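Values quoted throughout were computed directly from the atomic coordinates according to the rules given, and no laboratory measurement underlies them. Bear in mind the structure is a predicted one, so any value in this text is a computation, not a measurement. With ideal geometry, Cβ positions are generated from the backbone for all residues, glycine too; neighbour counts draw on all protein chains shown.
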């Protein structure tokens, strides 16, 4: 029974359940009651099923939804095994979060890339666990979840935690701490007292009504909701402006250094032939044993660019990776373990990943896929460690665009605010 | 338009001649990459359609003959490989009825090459109808005329796929025929989604022969 606490389950109407579930209809006026969408596909005999949330198991008009209330069946014994210390700015934000939890509010943390968002969360998570509250940390990006898991396990080594995402093999079990992709929230109902959405502005969450609905139904009616982002969407910024959403602002990285700036280099068509400037830059980086990421606009660009680099620099080790790559996790891990000196990648590695001491090169930064926020995030991969708080962010473009300007402006503005707090 | 299997963008448009109807145009359902993962059966066993180099009767079919069965001259379009298994998982067990469109056209074309008086799909149980909500076989051949004269016996509780070969072969008759149907002298084409041991189809064929059918053949999407 325990396994059903706070969950929402699909069951055929004709099946009977002996347990004391709350039974509710699967559709009301053709709107799917699990995902809140109206996107149905026909079945014979005037029946239908929801296509929006099909990937998490089918909800059809032959079914009902069962749920079981969350009883918060926890001991409240918790140890925060994290030994680090917060900076003064981080501490301020962290205190505000504890307040948010106590008052069951919604709160946005708008902190620059590399501000140390995860560490700021530890005190509020600790507080919630101690009060026997159920906590979920979710993100639209699987890479973010995969990177967060070991850090959370380490910080709360006594607390059982389940990690849920589409590619995982671990079975679900009832735990006080849940780390999951936003899609997984469709399987919960009124379960969480504290729900944290990391990288809230990223695909596919931003602007997705279904995932917003999922997060809304997974939290309890009286609960705290925390959004984290380095580049909030216009919609979120608007809610902050209209005082519908509290916000904490953190324009300075944890190591008190400013963000690296985005520099551009005008080159000719790099798809035909890699520009001499670009190759020269790589040669310089490899001579200093630097590690780097190369971003390209399309999946189809990965292989040719990688092959050309390999031809010019046969003795350095690298790879290319994209979203559907079956060895994606392994390759990213190898980059982290310094087995690779570079990765050629698409925007999938724009956020949520930390490789200490890297530089970043962007080919075709003037193409549509690199939005303002994507560029800011990509630049944010650089200078994330205390030992090497700066680095290169070079965009190779054929002509400059408004988006590049906007990204440069955004970084400059953050740095201006950061300086006021004493950043260098 | 996106591929029904991998959701990738599908670049598919009709040529000028197709637009004006000089060449028949079939809208693409899946992308070339997904299409290439399925493998067509070119030559197969004359009895069961199993993919092999010659048309010779395979070992299993010889066994059926020894048991005194008349072979079904079964034909199948595709091999039951990983891609097909995944398709069936998605279509049948996850219940994505929209996927029936992927092989619909090919199957209909195949049916039309076989001389027959009556097309009869293998039925699903009442229970499946209330949970899955559709018969996977009639979904696949939607658009042609067929007679649903077979029914699953009501004692039938579990899915065929839960049994291994031995168990399947020893189970007794699982079908009945609707009352008032005359099969005297009819040529019948049975249709199923997947041919595994052949047991289901032989059960159905036995029943149809008992009721006077002259000839029973069969066809499935995968083998």
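Just counting partner chain Cβ atoms within 10 Å, what average do the residues of peptide B:88-96 show around their Cβ? Provide the component values of the computation, followed by the final result.
Working: counts 0, 0, 2, 0, 0, 1, 5, 10, 6.
Counting other chains' Cβ atoms within 10 Å and averaging over B:88-96 gives 3.
Can you give the Kirkwood hydrodynamic radius for region B:34-100, in Å, rounded to one decimal and based on Cα pairs?
On the way: mean 1/r = 0.0743 Å⁻¹.
Averaging 1/r across every pair of different Cα atoms and inverting gives 13.5 Å.
Round to the nearest 10 and give me the degree value, 0 to 90, for the angle of helix B:101-112's Cα axis relative to the longest principal axis of chain B.
The angle comes out at about 60 degrees.
Rg and Dmax of region A:1-158, Cα atoms, in Å?
20.4, 64
For chain A, what does -39500 (n - 2.57) per DSSP helix run (n ≥ 4), summed and divided by total residues, give at 222 nm, in deg cm²/dmol to the nearest 500? The partial results should precede the final answer.
On the way: 10 runs with 124 residues, N = 424.
That calculation yields -9000 deg cm²/dmol at 222 nm.
If you average the alpha carbon positions of region A:233-310 and of region A:365-416, how far apart do those two centres end up, in angstrom?
Value for the Cα centre distance between the two parts: 5 Å.
So, by mean Cβ neighbours within 10 angstrom, what's the order for B:173-182, A:177-186, B:133-142 with the highest one leading?
On the way: B:173-182: 12.5, A:177-186: 24.0, B:133-142: 21.2.
Highest-to-lowest ranking by the protection proxy: A:177-186, B:133-142, B:173-182.
Based on the mean of other Cβ atoms within 10 Å per residue, sort peptides A:268-277, A:383-392, B:14-23 so the most packed one is first. Each step should come with its number before you reach the end.
On the way: A:268-277: 13.6, A:383-392: 16.9, B:14-23: 10.5.
The most tightly packed comes first, giving A:383-392, A:268-277, B:14-23.
So, R0 is 22 Å and r is the distance between the beta-carbons of residue A:242 and residue A:39; what FRET efficiency does that work out to, to 0.05?
Working: r = 30 Å, r/R0 = 1.38.
It comes to 0.15.
What whole-number distance in Å separates the alpha-carbon centres of region A:176-220 and region A:29-73?
Answer, in whole Å: 17.
After finding the eigenvalues of the alpha carbon gyration tensor for region A:314-424, what semi-axes result from the square roots of 5 times each, listed largest first in whole Å? Show your work: numbers first, answer last.
On the way: eigenvalues 127, 71, 29 Å².
Three semi-axes, in Å: 25, 19, 12.
Nearest 10 degrees, 0 to 90: what angle lies between the long axis of helix A:402-420 and the longest principal axis of chain A (Cα atoms)?
80
Provide the descending list of Cα extents for chain B along its principal axes, expressed in whole angstroms.
So the extents along the principal axes, rounded to whole Å, are 54, 39, 34.
Can you give the Rg/Rh ratio of chain A, where Rg is from the C-alpha atoms and Rh is the Kirkwood radius?
1.00
For region A:97-155 and region B:118-158, write down the distance between their C-alpha centroids in whole Å.
51
Nearest 500 deg cm²/dmol is fine: what mean residue ellipticity at 222 nm does chain B get from its DSSP H runs of n ≥ 4 alone, each adding -39,500 (n - 2.57), divided by its residue count?
-7500 deg cm²/dmol
Could you sort the peptides A:156-166, A:237-247 by per-residue average Cβ neighbour count (10 Å cutoff), highest mean leading?
So the order, starting with the most tightly packed, is A:156-166, A:237-247.
Run through the DSSP bridge list for chain A and note the antiparallel percent, rounded to the nearest 5.
Values: 16 of 66 bridges.
Of the beta bridges lying entirely in chain A, close to 25 percent run antiparallel.
Within chain B, what percent of beta bridges assigned by DSSP are antiparallel, to the nearest 5?
Details: 6 of 20 bridges.
Restricted to chain B, the bridges split so that about 30 percent are antiparallel.
Angle check, please: helix A:276-287 long axis (alpha carbons) against the longest principal axis of chain A (alpha carbons), in degrees 0 to 90, nearest 10.
It is inclined by approximately 80 degrees.
Can you pull the Rg over Rh of region A:254-344, Cα-only, Kirkwood? Each step should come with its number before you reach the end.
Details: Rg = 14.2 Å, Rh = 14.6 Å.
Reported Rg/Rh, Kirkwood definition of Rh: 0.98.
Which ordering of A:109, A:282 is given by a fewest-first count of other beta-carbon atoms within 10 Å?
Details: A:109 27, A:282 21.
Arranged by neighbour count, lowest to highest, A:109, A:282 become A:282, A:109.
So if the hydrodynamic radius of region B:50-151 is defined as the Kirkwood radius over C-alpha pairs, what does Stokes-Einstein give as its diffusion coefficient at 20 °C and 1.002 mPa s, in µm² per second?
Numbers: Rh = 15.8 Å.
After rounding, the answer is 136 µm²/s.
What share of the DSSP beta bridges in region A:159-314 is antiparallel, in percent to the nearest 5? Don't skip to the end; give the middle numbers.
Details: 0 of 9 bridges.
The antiparallel fraction comes to roughly 0 percent.
Reported to two decimal places, what Rg/Rh ratio describes region A:131-253 when computed on Cα atoms with Rh from the Kirkwood expression? Walk me through the numbers on the way to the answer.
Values: Rg = 14.4 Å, Rh = 15.1 Å.
Using only Cα positions, Rg/Rh for region A:131-253 is 0.96.
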